[in-house]
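Remarks on the structure that follows.
The values are calculated or read from the model by the stated rules, or taken from the named source; none is laboratory data. Being a predicted model, the structure only gives us computed values, none of them experimental. Here the Cβ positions follow ideal geometry from the backbone for every residue, glycine too, while neighbour counts run over all protein chains shown. Accessible surface areas use protein heavy atoms only, side chains included; no ligands, DNA or RNA. Shrake-Rupley method; radii C 1.70, N 1.55, O 1.52, S 1.80 Å.
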Amino acid sequence: MKHTLKLLPVLMATVLLTACPSDDDDETPPPPPESSVDWTKTNAWFEAGQNTVAVANDTEVNLTRGSAKNVILFVGDGMGVSTVTAARILAGQMEGQTGEEYQLSFDKFPVAGLLKTYNTNQQTPDSAGTMTAMISGVKTKAGVIGLSEDALRADCASGQGKEMITAIELAEIAGKSTGVISTARITHATPAATYAKSVERNWESDDGLSEEAKTNGCKDIAQQLIDFNYGDGIDVVLGGGRRHFIPNTLTDEEGKNGKRQDGQNLIAEWQNKYSNGQYVYDQSGFDAVDATATNKLLGLFNASHMEYEADRENDVAGEPSLSEMTEKSLQILSQNDKGFFLTVESGRVDHAHHAGNAHRALLDTVEFAKAVQVAVDSVDLSETLIVVTADHSHVLTLAGYPTRGNPILGLVKTNDSAGNPESEPVLAGDDMPYTTLGYTNGLGYANYGDDSVGDQRYSEPHNAGRHIHVDEDTEASGFHQETLVPLGSETHAGEDVGVYAIGPGAQLLRGVNEQSMVFHAIDFAADLINQAEANAVQ
Amino acid sequence: MSKIVANTFAMIVGLLVFLTPIGQLSATPSSQQATKVSYVLENDGQSPQIITIWKSSQYLAISFETQEVIGLWQNWNSSNPTFFQVYPKDGFRIEFSRMESQQQANLLNQLKKLVGQQRLLEKMELAGDAKQFHLSAVEEGAEVAKTLDSWQQFATYDYADIGDNEAIPELARLIHQGFVPNF
Ligand SMILES: [Zn+2]
């Protein structure tokens, strides 16, 4: 193990000095980025993860390093255990069942465990620090992407020399195909952690950079995605965030302006860089992509985040679903004999929760589970590790004693003394009914009915406390659950999240682990570091 | 530029914006012929208040005398405008890229009636004659354009990202400082 880590700097030096051999496709890789990274740095988080794997390797049977040719990491942003339970019940009820007995795709996985999500400086974490843990094997500060905890948030100079390698970068160097999918902006914290190093998650385009950042040469996140030069570059990139790639003087295909102040059109840059690549911005363009004839795909489907699944049909130009994006990506990536690494994020479970809107959060979770099923159905599980998890939880609770099969978005109807369901909602001590689902904090109650748009809640002040009445339609898409503590938005929660795994190496994620263990399990299963090294010195 | 020429120019630019088809990348007009207009709003039974409106080919903004927050639409004359809440004192903007609450849509429509044409309305009545607008001042030129431009430099956050920016406590505070009301 020590041996491997010591060789890492050799590996990186080689890669940075020579064009990396790659079976990925026929394109000549462009020259590597100028700010080369000193990969000699590992830290206590990294070594602890590697040690945990080493111990497991001694005790677990049927555990073989490198037995996973392919890896898919699914992240439900903000998909805590209560969200999974509620989404499972909703999915079952949408199919006419009582719901509790239903199994989401990843409920059926043979391995489950728990991940401790705290950031190095925060009990309750954010996505930047947590995704860095999962994709680089090192916990770090909230708001910080791809850098160790020594970096200070929003301080460009403090991050220099603190860059951590990611599983996507290793997979590229190893000659695998790679992909990043998100329903959030592709420059948003979770997807960004797969390819970028930034002391500030909000530096998505150059307009967000501070003067200090510009002076010290920090690059915005969109720029880093286009500049990514490991292996032959990321093969499939699908998500939102178009505005961070185009100048503020340009209006995009959906009538929205870009953000860039440097005048660059990074979409055009990408098209120049990958002359046989395909760029798409809407559903029809996406549908027209012939996966067998494409080895580089960039899809930016919205100026900002993509639509919630509940609102997707209302999008101006039309957007693919998460499961459609997953399916197409797998068709493209699986053409590489050396295997692939794909990260799929459902980025807006988090946003719906922040708005206090369980309806949209759960529908996005159900779609996320569908995307996982698409993966299960498309790959050979004897050579593919699938990991499904969340970056952090939210303060959603399932409360009261609703009877079996009670609508999960409904008012609580309990059982009578004989254990049979009551016909009317139960009333609380204030003579008002209550919903099963509620939030501890946030903007609180509002009900816009079924004609609402996502995040409409932010246009009105907070409204904590008790407001619902007995004949209220709490299942409407525009219903926002009640809350206790009035805040500008509902918050993340600090309890552990579930991790669900299937395929070679899955058992490494059993038990209670630090979140950074996700990287180390993946590294062991796919032998990423060693394969990257081997490919680089060929 | 004479008033008539200026108005014709504004109309052509406005038409260009309006006619920009969805489905292709296009350059937004950079020319900023900007106007600042004040109206006195008399609302039955309430003391009259002054509303201020800024208008260029790209932006339409409104501020109420009683509110610090300014409501601003980018590409206001297109089919898919972007709404911002601008907080000039704090130097922040919150961007509502896809939110179209009925309230926002109504406000924009009423504003378009008031100042959206090449000629500003001298007087407008709403809700029967319960609400009356009287034009009180008009200012044109570089200073107005400069104000509109200065707002574009503010730190801007998407409404959907407020929850992930606990490190910027101003954001949560701002969103409760008040919202852009209706007339
Ligand atoms: Zn969040």
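Summary of values
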quantity: Flag if B:Leu108 is open to solvent by less than 20 Å² (accessible area, probe 1.4 Å) and either within 29 Å of A:Ser489 (Cβ to Cβ) or within 14 Å of chain A (Cβ to nearest Cβ) (or both); calculated: yes
quantity: Filtered residues of region A:154-178 (kept if within 21 Å of the chain's Cα centre (by Cα) and either surrounded by 24 or more Cβ atoms within 10 Å (Cβ to Cβ) or basic (Lys, Arg) (or both)); calculated: A:Met164, A:Ile165, A:Thr166, A:Ala167, A:Ile168, A:Glu169, A:Leu170, A:Ala171, A:Glu172, A:Lys176, A:Ser177, A:Thr178
quantity: Criterion violated by A:Lys69 - all others in (1) open to solvent by 10 Å² or more (accessible area, probe 1.4 Å); (2) free of Cβ contacts under 8 Å to residues at least 12 places away in the same chain satisfied; calculated: (2)
quantity: A:Ala291 without any contact (Cβ under 8 Å) to a residue 60 or more places away in the chain, surrounded by 17 or more Cβ atoms within 10 Å (Cβ to Cβ) and on the phi < 0 side of the Ramachandran plot; calculated: yes
quantity: Enumerated strands (runs of 3 or more DSSP E) restricted to region B:55-150, each holding at least 2 residues that are within 28 Å of B:Arg173 (Cα to Cα); calculated: B:59-64, B:70-74, B:82-87, B:92-96
quantity: Test: A:Thr183 is among the polar types (S, T, N, Q), open to solvent by 10 Å² or more (accessible area, probe 1.4 Å) and under 25 Å from A:Ala142 (Cα atoms); calculated: yes
quantity: Residues of region A:394-407 classified as on the phi < 0 side of the Ramachandran plot and either more than 16 Å from the ligand (Cβ to nearest atom) or more than 14 Å from chain B (Cβ to nearest Cβ) (or both), total; calculated: 9
quantity: Selected residue (criterion: most open to solvent (accessible area, probe 1.4 Å)) from residues of region A:369-393 that are of a type in the set (Gly, Ala, Ser) and away from the ligand (no atom under 16 Å from the Cβ); calculated: A:Ser382
quantity: Selection from region A:81-115 of residues that are over 25 Å from A:Gly405 (Cβ atoms) and open to solvent by 70 Å² or more (accessible area, probe 1.4 Å); calculated: A:Pro110
quantity: Output for region A:471-496, where each listed residue is more than 16 Å from the ligand (Cβ to nearest atom), within 27 Å of A:Asp431 (Cβ to Cβ) and assigned to a loop (DSSP other than H, G, I, E, B); calculated: A:Asp471, A:Glu472, A:Asp473, A:Thr474, A:Glu475, A:Ala476, A:Gly478, A:Gln481, A:Glu482
quantity: Counted residues, region A:500-525 - those being in a helix (DSSP H, G or I) and either surrounded by fewer than 24 Cβ atoms within 10 Å (Cβ to Cβ) or in contact with a Phe, Trp or Tyr (Cβ under 7 Å, 6 or more places away or on another chain) (or both); calculated: 2
quantity: Counted residues, region A:231-262 - those being more than 13 Å from every other protein chain (Cβ to nearest Cβ), in a loop (DSSP other than H, G, I, E, B) and open to solvent by less than 20 Å² (accessible area, probe 1.4 Å); calculated: 5
quantity: Options A:Val388, A:Val372, A:Val395, A:Val379: the member that is at pLDDT 95 or above and within 23 Å of B:Ile162 (Cα to Cα); calculated: A:Val395
quantity: Out of A:Val111, A:Val144, sole residue that is within 14 Å of chain B (Cβ to nearest Cβ) and within 19 Å of A:Phe519 (Cα to Cα); calculated: A:Val144
quantity: A:Asp311 vs. criteria out of contact with any Leu (no Cβ under 7 Å at 6 or more places or on another chain), modelled with pLDDT under 95 and more than 16 Å from the ligand (Cβ to nearest atom); calculated: yes
quantity: Looking only at region A:263-280, and only at residues there that are within 13 Å of chain B (Cβ to nearest Cβ) and assigned to a loop (DSSP other than H, G, I, E, B), the one that is surrounded by the most Cβ atoms within 10 Å (Cβ to Cβ); calculated: A:Asn265
quantity: Residue within region A:467-485 that is of a type outside the set (Ser, Thr, Tyr), open to solvent by 20 Å² or more (accessible area, probe 1.4 Å) and within 11 Å of chain B (Cβ to nearest Cβ) present; calculated: no
quantity: Region A:134-153, subset within 18 Å of A:Thr42 (Cα to Cα) and out of contact with any helix residue (DSSP H, G or I) (no Cβ under 7 Å at 6 or more places or on another chain), residue most open to solvent (accessible area, probe 1.4 Å); calculated: A:Asp150
